[in-house]
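**Student:** Have a look at this one.
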Amino acid sequence: MSAEPVPVQVIRDQVFLEHDLAGHPENARRLMAINAELDAIPELSALPTMVAEDVDMELVLAVHDDRHVRGVERLAALGGGWIDGDTYCTARSFEVARRAAGAVVEAVSSVCSGRARSAFALVRPPGHHATPDRAMGFCLFNNVAVGARAAQTRFGLERVAVVDIDVHHGNGTQDIFDEDAGVLYCSLHQWPLYPGTGRAAETGHGAGAGATVNVPLPEGTRHDEWLAAFDAHVAPALRAHRPELILVSAGFDAHSADPLAGMELRTDTYAEIARRLDALAGELCERRTVWALEGGYDLTALPDSVAATLHTLHHD
């Protein structure tokens, strides 16, 4: 008799602290704050934990051009530098980014194999702005896209969904799956805001027409309004797509305390969206969800929101 899946598994690894630039908003202190919060809460520190493994580079090359991947590797080998005005690379960043993508693949494997009902990969650097051929927006490789491709190619899933709750639109994820009918991409994000994409009219192309759902929301959007937008646009799209797995680009920078945006979500908003996504996954795909850390830059709101998400996934 096979063992029952654990409610939630967490992937944590000290290697994610090694991609770091003091003074940059996306620095190691973000993950240090999350780790400290989880360690201080006995219930969360006791959750089953795995360490990350390096990704199979074939999976990275299934969503990114070789020139882009080798460019990051070469810059890291030279000691690092700036890729653009927002995005840095250190001597360790290529290896850390490989491990971040690998952590999301490991989370997908854990859920698809039945070891866990849900899994949360606490990774850095984030990924959802990384396009097929470009690192940008603090992101080097698109972790969630690599995980979604692994679900398709390694586990044979025909229908996958990515729900992006980061305050910024995940232009990279949208670009990667723009013509892929098998991957539904849904994003709720502040508009206008970096990177300037994510209009409601952007719905996919070719075979992927209709498989992109963008929900641009104005600055100042609050808890009830944000959840109502999710219920009105994202939930019906998920039900129509009937995914076999839901991946979540889990950015927490729509929180009212976040310094890089202007939304007004609360810590309990993230608990509630975890509850709603878990319920939809129960309806559609045996409660299978994979969460990957994206943004969130207030060092109190971020760990509080991650903890609230994990508490919900563990208990509901």
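**Student:** I need a count of the residues in the stretch 154-172 that are under 10 Å from the mean Cα position of the chain (by Cα) and outside any loop (DSSP other than H, G, I, E, B).
**Tutor:** Here the count works out to 3.
**Student:** Could you please give the count of residues in the stretch 220-237 that are at negative phi and in contact with an Asp or Glu (Cβ under 9 Å, 6 or more places away or on another chain)?
**Tutor:** Of the residues in the stretch 220-237, 6 are at negative phi and in contact with an Asp or Glu (Cβ under 9 Å, 6 or more places away or on another chain).
**Student:** Another question, then. Which residues, counting only those in the stretch 154-184, are buried (at least 24 other Cβ atoms within 10 Å of the Cβ) and farther than 19 Å from Arg134 by Cα?
**Tutor:** Hits for the stretch 154-184 are Val160, Ala161, Val162, Val163, Asp164, Ile165, Asp166, Val167, Val183, Leu184.
**Student:** Another question, if that's okay. Please work out if Leu238 is aliphatic (A, V, I, L, M), modelled with pLDDT of 95 or more and in contact with a Lys or Arg (Cβ under 7 Å, 6 or more places away or on another chain). Quick ask: steps written out before the conclusion?
**Tutor:** On the way: aliphatic (A, V, I, L, M): yes; modelled with pLDDT of 95 or more: yes; in contact with a Lys or Arg (Cβ under 7 Å, 6 or more places away or on another chain): no.
No.
Here's the yes/no breakdown for (1) under 19 Å from the mean Cα position of the chain (by Cα); (2) farther than 24 Å from Val162 by Cβ:
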site	(1), (2)
Val55	yes, no
Ala62	yes, no
Gly71	no, yes
Ile83	no, no
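**Student:** Do we find that Asp133 is surrounded by fewer than 21 Cβ atoms within 10 Å (Cβ to Cβ), of a type outside the set (Gly, Ala, Ser) and on the phi < 0 side of the Ramachandran plot in this structure?
**Tutor:** yes
**Student:** Looking only at residues in the stretch 85-115 that are free of Cβ contacts under 8 Å to residues at least 60 places away in the same chain and either part of a helix (DSSP H, G or I) or touching a Lys or Arg at 6+ places or on another chain (Cβ under 6 Å) (or both), which one is farthest from Arg12 (Cα to Cα)?
**Tutor:** Phe94
**Student:** With respect to Thr49, is the statement that it is among the polar types (S, T, N, Q), touching a Leu at 6+ places or on another chain (Cβ under 8 Å) and surrounded by fewer than 22 Cβ atoms within 10 Å (Cβ to Cβ) true?
**Tutor:** The answer is no for Thr49.
**Student:** With respect to Ala308, is the statement that it is of a type in the set (Gly, Ala, Ser) and over 24 Å from Leu122 (Cα atoms) true?
**Tutor:** So Ala308 does not fit the description; no.
**Student:** In the stretch 258-308, how many residues are assigned to a helix (DSSP H, G or I) and either closer than 18 Å to Ala229 by Cβ or without any contact (Cβ under 8 Å) to a residue 24 or more places away in the chain (or both)?
**Tutor:** Applying the first criterion (assigned to a helix (DSSP H, G or I)) to the stretch 258-308 yields 267-284, 301-308.
Restricting the remaining residues to those that are either closer than 18 Å to Ala229 by Cβ or without any contact (Cβ under 8 Å) to a residue 24 or more places away in the chain (or both) gives 268-277, 279-280, 282.
Residues in the stretch 258-308 being assigned to a helix (DSSP H, G or I) and either closer than 18 Å to Ala229 by Cβ or without any contact (Cβ under 8 Å) to a residue 24 or more places away in the chain (or both): 13 in total.
**Student:** Now for a separate question. Can you find, within the stretch 4-43, the residue that is surrounded by the most Cβ atoms within 10 Å (Cβ to Cβ) among those that are part of a helix (DSSP H, G or I) and acidic (Asp, Glu)? Show your work before the answer.
**Tutor:** Of the stretch 4-43, the ones part of a helix (DSSP H, G or I) are 14-17, 29-40, 42-43.
Filter once more, so that each one left must be acidic (Asp, Glu): 37, 39, 43.
On the way: Glu37: 20, Asp39: 11, Glu43: 12.
Filtering the stretch 4-43 for residues that are part of a helix (DSSP H, G or I) and acidic (Asp, Glu), the one surrounded by the most Cβ atoms within 10 Å (Cβ to Cβ) comes out as Glu37.
**Student:** Are there any pairs, at least 6 apart or on different chains, whose C-beta atoms fall under 8 Å, with the first in the stretch 31-59 and within 23 Å of Val6 (Cα to Cα) and the second acidic (Asp, Glu) and surrounded by 15 or more Cβ atoms within 10 Å (Cβ to Cβ), and if so, which?
**Tutor:** Listed by first residue and then by second, the contacts come to Glu37/Asp304; Leu44/Glu37; Met50/Glu106; Val51/Asp13; Ala52/Asp13; Ala52/Glu106; Glu53/Glu106.
**Student:** Now for a separate question. For the stretch 58-65, check the following and say yes or no: at least one residue is of a type outside the set (Gly, Ala, Ser), part of a loop (DSSP other than H, G, I, E, B) and within 28 Å of Ala281 (Cβ to Cβ).
**Tutor:** Taking every residue of the stretch 58-65 in turn, at least one turns out to be of a type outside the set (Gly, Ala, Ser), part of a loop (DSSP other than H, G, I, E, B) and within 28 Å of Ala281 (Cβ to Cβ).
**Student:** Going by the conditions given, is Ala62 closer than 29 Å to Pro5 by Cβ and crowded, with 17+ Cβ neighbours inside 10 Å?
**Tutor:** no
**Student:** For the stretch 230-269, enumerate the residues that are small (Gly, Ala, Ser) and crowded, with 16+ Cβ neighbours inside 10 Å.
**Tutor:** Selection gives Ala235, Ala237, Ser249, Ala250, Gly251, Ala254, Ser256, Ala257, Ala261.
**Student:** Restricting attention to the stretch 286-308, does a residue exist that is under 16 Å from His241 (Cα atoms) and in contact with a Leu (Cβ under 8 Å, 6 or more places away or on another chain)?
**Tutor:** Within the stretch 286-308, the first condition is being under 16 Å from His241 (Cα atoms), and the residues that meet it are 286-289.
Filter once more, keeping what is in contact with a Leu (Cβ under 8 Å, 6 or more places away or on another chain): 288-289.
Yes, the stretch 286-308 has at least one match.
The values are calculated or read from the model by the stated rules, or taken from the named source; none is laboratory data. The shown structure was predicted, so the numbers you read here are calculated from the model rather than taken from an experiment. Positions of Cβ are generated from backbone atoms using ideal geometry, with glycine treated the same way; all protein chains shown enter the neighbour counts.
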